[in-house]
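Heads up: the structure comes next, in structure tokens.
The values are calculated or read from the model by the stated rules, or taken from the named source; none is laboratory data. What you see is a predicted model, and the numbers here were worked out from it, not measured in a lab. Here the Cβ positions follow ideal geometry from the backbone for every residue, glycine too, while neighbour counts run over all protein chains shown. Calculation scope for accessible area: heavy atoms of the full protein, side chains included, ligands and nucleic acids excluded. Shrake-Rupley method; radii C 1.70, N 1.55, O 1.52, S 1.80 Å.
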Amino acid sequence: MANEHDDLLITSEEVQAAITGGQLSLCYQPKIDCETLSLKGFEALIRWNHPTKGLILPREFIKVAEDAGLIGKITEMVINEAFQWYTTTNGVQSLGLSINISAKRLSDLDFADWLRKKCVASGIRTEAVTLEISESAVITERLHALDMFTRLQTKGFRVAIDGFGIANSNLAMLAKLPFAEIKIEKSFAMTATQSEASKTFLRSTIQQCHSLRLEVVAEGVEDRETLEFLRELGCDYIHGYLVAQPMTGEQTRDWILNRRKMTRHILV
């Protein structure tokens with residue numbers, strides 16, 4: 001389990017040590033079609049195995065990395081490792097690869113060109129890569145978001161708004177930006193079976209997104225009841241423990257080979 005102590009204090013020196021000491025690694029979580037349950041891609045997720053504090057999630061150290069000017073190094077590490085996994089793992093080259101990106105890194109004018117060159121060098125189609133930017137970051141950087149998203153779209157990349165539903169924004173505001181996908185914050189799916197408010201939010205968000213021709217991903221799907229509810233709403237894709245927990249690169253290879261057996265419990 002991740003360390004979620006309220007008093008967890010992360011310093012910039014520790015983040016620097018994590019980068020240089022190989023403490024950061026990636027895991028991958030499948031993204032599947034909500035209706036057909038077919039595999040559509042994977043999301044790359046960064047994890048920090050701290051030598052004394054245990055497993056640390058990105059929400060607990062990314063802000064420190066941004067403030068310390070270290071986010072560029074972390075982004076390069078994530079891109080390099082994710083691209084290597086993508087190009088050396090059988091069965092994923094035709095699928096999508098989603099990567100979380102800090103808005104601070106996106107503000108660099110050369111980022112879209114840099115990433116495209118990485119794709120060309122690795123033999124990866126730019127349209128296979130989806131860059132996820134958190135809703136809160138988009139709101140914070142809203143003056144630059146249009147330029148950032150346009151640069152990425154021009155180079156062929158897809159853009160997704162991640163964690164939708166927890167920041168003070170709405171689809172009417174975000175719809176002015178050139179992105180293709182909304183990822184609904186996981187707490188809504190995780191509480192859908194108990195909360196009418198969560199059900200209402202999911203229903204209205206999916207309807208609005210489809211009216212704007214946006215695809216919708218529901219995160220945090222952990223049981224069949226929630227899956228069936230999202231199917232009724234016409235949700236496009238899901239992530240969650242019902243499908244699989246985040247896996248190491250090596251574990252994904254076994255999961256892909258045996259995914260029909262691995263997902264037998266959700267097949268209909």
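Table for the structure above
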| quantity | calculated |
| --- | --- |
| Selected residue [surrounded by 14 or more Cβ atoms within 10 Å (Cβ to Cβ), modelled with pLDDT under 95 and either aromatic (Phe, Trp, Tyr) or out of contact with any strand residue (DSSP E or B) (no Cβ under 7 Å at 6 or more places or on another chain) (or both)] from Leu233, Leu242 | Leu242 |
| Selection from the stretch 56-69 of residues that are small (Gly, Ala, Ser) and buried (at least 17 other Cβ atoms within 10 Å of the Cβ) | Ala65 |
| Enumeration of residues in the stretch 160-191 that are under 16 Å from Ala145 (Cα atoms), part of a helix (DSSP H, G or I) and open to solvent by less than 40 Å² (accessible area, probe 1.4 Å) | Leu171, Leu174 |
| Tally, over the stretch 14-40, of residues that are within 21 Å of His50 (Cα to Cα) and open to solvent by less than 30 Å² (accessible area, probe 1.4 Å) | 6 |
| Residues satisfying the stated conditions in the stretch 85-100, i.e. farther than 17 Å from Val217 by Cα and either touching a residue at least 40 places away in the same chain (Cβ under 8 Å) or buried (at least 20 other Cβ atoms within 10 Å of the Cβ) (or both) | Trp85, Tyr86, Thr89, Asn90, Gly91, Val92 |
| Unmet criterion (only one of (1) within 20 Å of the chain's Cα centre (by Cα); (2) acidic (Asp, Glu); (3) open to solvent by 20 Å² or more (accessible area, probe 1.4 Å)) for Glu43 | (3) |
| Check on Lys53, surrounded by 14 or more Cβ atoms within 10 Å (Cβ to Cβ) and modelled with pLDDT under 95 | yes |
| Extreme residue, most open to solvent (accessible area, probe 1.4 Å), among residues of the stretch 209-226 that are of a type outside the set (Val, Ile, Thr) and under 19 Å from the mean Cα position of the chain (by Cα) | Glu222 |
| Criterion (open to solvent by 30 Å² or more (accessible area, probe 1.4 Å), closer than 27 Å to Ala103 by Cβ and in a helix (DSSP H, G or I)) met by exactly one of Leu152, Leu202, Leu146 | Leu146 |
| Residue check, Lys104 among the basic types (Lys, Arg), closer than 30 Å to Asn170 by Cα and either modelled with pLDDT of 95 or more or open to solvent by 50 Å² or more (accessible area, probe 1.4 Å) (or both) | yes |
| Odd one out for Arg260, checked against (1) open to solvent by 30 Å² or more (accessible area, probe 1.4 Å); (2) more than 18 Å from the chain's Cα centre (by Cα); (3) closer than 17 Å to Asp33 by Cβ; (4) modelled with pLDDT of 95 or more | (4) |
